[in-house]
Amino acid sequence: MLKMIKNSDIRRPEEIEEKYPGCMYILTDFTDVNDMKGHLYAISYDKDSFQELCKLTDELSNSGKTCIIMGEYEEGGVLLGVQREVKR
(Lines give C-alpha, C1' and ligand atoms only; values in the text may rest on other atoms or scores of the structure.)
Protein backbone atom coordinates (compact mmCIF):
# COMPACT_ATOMS: atom_id res chain seq x y z
CA MET A 1 0.00 0.00 0.00
CA LEU A 2 1.26 3.46 -0.92
CA LYS A 3 0.36 6.39 1.31
CA MET A 4 0.68 9.98 0.14
CA ILE A 5 1.89 12.44 2.77
CA LYS A 6 0.75 16.06 2.66
CA ASN A 7 3.23 17.54 5.09
CA SER A 8 5.61 20.40 4.38
CA ASP A 9 7.84 19.82 7.43
CA ILE A 10 11.50 19.27 6.64
CA ARG A 11 12.62 15.97 8.17
CA ARG A 12 15.73 13.84 8.40
CA PRO A 13 15.62 10.16 7.35
CA GLU A 14 16.15 9.08 10.97
CA GLU A 15 12.99 10.93 12.04
CA ILE A 16 10.95 9.43 9.20
CA GLU A 17 12.19 5.90 9.85
CA GLU A 18 11.42 6.23 13.56
CA LYS A 19 7.85 7.36 12.86
CA TYR A 20 7.31 4.90 9.96
CA PRO A 21 9.45 1.82 10.69
CA GLY A 22 9.73 -0.93 8.08
CA CYS A 23 8.77 1.28 5.15
CA MET A 24 10.36 2.70 2.02
CA TYR A 25 9.61 6.31 1.22
CA ILE A 26 10.20 9.20 -1.15
CA LEU A 27 12.13 12.18 0.18
CA THR A 28 11.90 15.35 -1.94
CA ASP A 29 13.48 18.79 -2.08
CA PHE A 30 16.78 17.80 -0.47
CA THR A 31 19.88 19.81 -1.37
CA ASP A 32 22.82 18.13 0.34
CA VAL A 33 23.37 14.36 0.29
CA ASN A 34 25.88 14.73 3.15
CA ASP A 35 23.26 16.39 5.36
CA MET A 36 20.11 14.68 4.10
CA LYS A 37 16.81 16.31 4.99
CA GLY A 38 13.74 17.09 2.96
CA HIS A 39 10.00 16.65 2.61
CA LEU A 40 8.37 13.26 3.04
CA TYR A 41 6.25 12.73 -0.08
CA ALA A 42 4.98 9.14 0.02
CA ILE A 43 5.42 5.91 1.97
CA SER A 44 5.37 2.31 0.70
CA TYR A 45 4.45 -0.19 3.41
CA ASP A 46 5.30 -3.38 1.50
CA LYS A 47 7.11 -4.76 -1.54
CA ASP A 48 3.83 -4.99 -3.46
CA SER A 49 3.73 -1.20 -3.79
CA PHE A 50 7.43 -0.71 -4.63
CA GLN A 51 6.80 -0.42 -8.39
CA GLU A 52 4.18 2.23 -7.70
CA LEU A 53 6.72 4.09 -5.54
CA CYS A 54 9.25 3.91 -8.42
CA LYS A 55 6.68 5.19 -10.93
CA LEU A 56 5.87 8.12 -8.65
CA THR A 57 9.58 8.90 -8.31
CA ASP A 58 9.92 8.92 -12.10
CA GLU A 59 6.98 11.32 -12.40
CA LEU A 60 8.45 13.66 -9.78
CA SER A 61 11.88 13.56 -11.40
CA ASN A 62 10.44 14.22 -14.87
CA SER A 63 8.64 17.28 -13.50
CA GLY A 64 11.98 18.64 -12.20
CA LYS A 65 11.60 17.73 -8.53
CA THR A 66 14.62 16.41 -6.65
CA CYS A 67 13.68 13.09 -5.05
CA ILE A 68 15.11 9.85 -3.73
CA ILE A 69 13.75 6.52 -2.49
CA MET A 70 14.98 5.63 1.00
CA GLY A 71 14.19 3.21 3.82
CA GLU A 72 13.83 -0.54 4.09
CA TYR A 73 10.90 -2.90 4.38
CA GLU A 74 10.46 -4.94 7.56
CA GLU A 75 10.97 -8.16 5.63
CA GLY A 76 14.10 -6.79 3.97
CA GLY A 77 15.05 -4.81 0.91
CA VAL A 78 13.51 -5.15 -2.52
CA LEU A 79 16.58 -6.49 -4.29
CA LEU A 80 19.72 -6.79 -2.22
CA GLY A 81 22.71 -5.01 -3.74
CA VAL A 82 20.67 -3.28 -6.45
CA GLN A 83 20.15 0.45 -6.34
CA ARG A 84 17.81 2.45 -8.51
CA GLU A 85 18.95 5.75 -9.98
CA VAL A 86 16.76 8.49 -11.36
CA LYS A 87 18.47 10.67 -13.94
CA ARG A 88 17.34 14.20 -14.70
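Please say if the chain is rounded, prolate or oblate, where rounded means a/c under 1.5 for a ≥ b ≥ c the square roots of the C-alpha gyration tensor eigenvalues, and otherwise the choice is prolate for a/b larger than b/c and oblate otherwise? Rounded, because the longest to shortest axis ratio a/c is under 1.5.
Per-residue SASA remark: Asp29, around 60 Å² accessible (1.4 Å probe; ligands, DNA and RNA not included). Can you tell me, using C-alpha contacts under 8 Å and at least 6 residues apart, the relative contact order of the chain as a whole percent? Taking the mean separation of contacting Cα pairs over the length of the chain, I get 34 percent. For Ile5, the residues whose amide H sits under 5 Å from its own are Ala42, Ile43, ignoring neighbours fewer than 5 places away on the same chain, with H placed 1.01 Å from N.
Only protein heavy atoms count here; on that basis, with a 1.4 Å probe, Lys37 has an accessible area of about 80 Å².
The values are calculated or read from the model by the stated rules, or taken from the named source; none is laboratory data. If you're wondering where the values come from, they're calculated on a predicted model, not measured in any experiment. All accessible areas refer to the heavy atoms of the entire protein, side chains included, with ligands and DNA or RNA removed. Shrake-Rupley method; radii C 1.70, N 1.55, O 1.52, S 1.80 Å.
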